[in-house]
1. Applying 1/(1 + (r/R0)^6) with R0 = 25 Å to the Cβ-Cβ distance of Ser7 and Ser31, what FRET efficiency is obtained, to the nearest 0.05?
2. Counting only protein heavy atoms and using a 1.4 Å probe, what share of the accessible area of the chain belongs to carbon plus sulfur, as a whole percent?
3. Would you kindly state how much longer the chain becomes between Gln118 and Gln81 on full extension, computed as 0.36 nm times their sequence separation minus their alpha carbon distance, in nm to one decimal?
4. For segment 41-123, which trypsin sites (Lys or Arg not before Pro) are both in a DSSP coil and crowded by at most 16 other Cβ atoms within 10 Å?
5. Can you give me the Cα centroid spacing of segment 1-25 and segment 62-92 in angstrom?
6. List the relative contact order of the chain as a percent without decimals, with contacts defined as Cα pairs under 8 Å and 6+ residues apart.
7. Residues of segment 18-81: accessible area per residue at 1.4 Å, in Å²?
8. Mind checking which of Thr57, Ser101, Ser11 is farthest towards the positive end of the chain's charge dipole, using Cβ charges of +1 (Lys, Arg) and -1 (Asp, Glu) about the Cα centre?
Amino acid sequence: QVQLVESGGGSVQAGGSLTLSCSASGYTYSSACMAWFRRAPGQRREIVAVIDTRHSTYYADSVKGRFTISRDNAKNTLSLQMNDLKLEDTALYYCAAQGKSITYFFGCPVGYWGEGTQVTVSS
């Protein structure tokens, strides 16, 4: 019953900005950590950022200083503000949430995933 739906993807020029959103349902996200992952063409999925229940954030080195993850528990939404986008940021971005899992990412046991939203950065 847990469902995560991403939106906001699109095509942008390098150096531009884009904001992704994730709408969650069927879960009490105020007590769960959430995250953004991405998978670039021909590459494996990688962690982008995590936000815990205290709103503390953690970022992959590749996006640190450029991306900002945030959450609105009242609205059950997760956001990813992406600035100064680079060609290597091109990927399918996935919203994820805490669930039954033995795999942790920045301390978050990710167990639920959205279908993803495409972000394409051009030069």
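1. With a Förster radius of 25 Å, E is 0.55.
2. Carbon plus sulfur share of accessible area: 45 percent.
3. So the chain would gain 11.9 nm between Gln118 and Gln81.
4. Arg44, Arg45, Arg54, Lys64, Arg66, Lys75, Lys86, Lys100
5. Comparing the Cα centres of segment 1-25 and segment 62-92, I get a distance of 8 Å.
6. For the chain, the relative contact order is 34 percent.
7. The answer is 51 Å² per residue.
8. Ser101
The values are calculated or read from the model by the stated rules, or taken from the named source; none is laboratory data. The structure presented is a predicted model; accordingly, all values stated were derived computationally and were not measured. Positions of Cβ are backbone-derived with ideal geometry, glycine not excepted, and every protein chain shown enters the neighbour counts. These area figures cover heavy atoms from the full protein model, side chains too; ligands, DNA and RNA do not enter into them. Shrake-Rupley method; radii C 1.70, N 1.55, O 1.52, S 1.80 Å.
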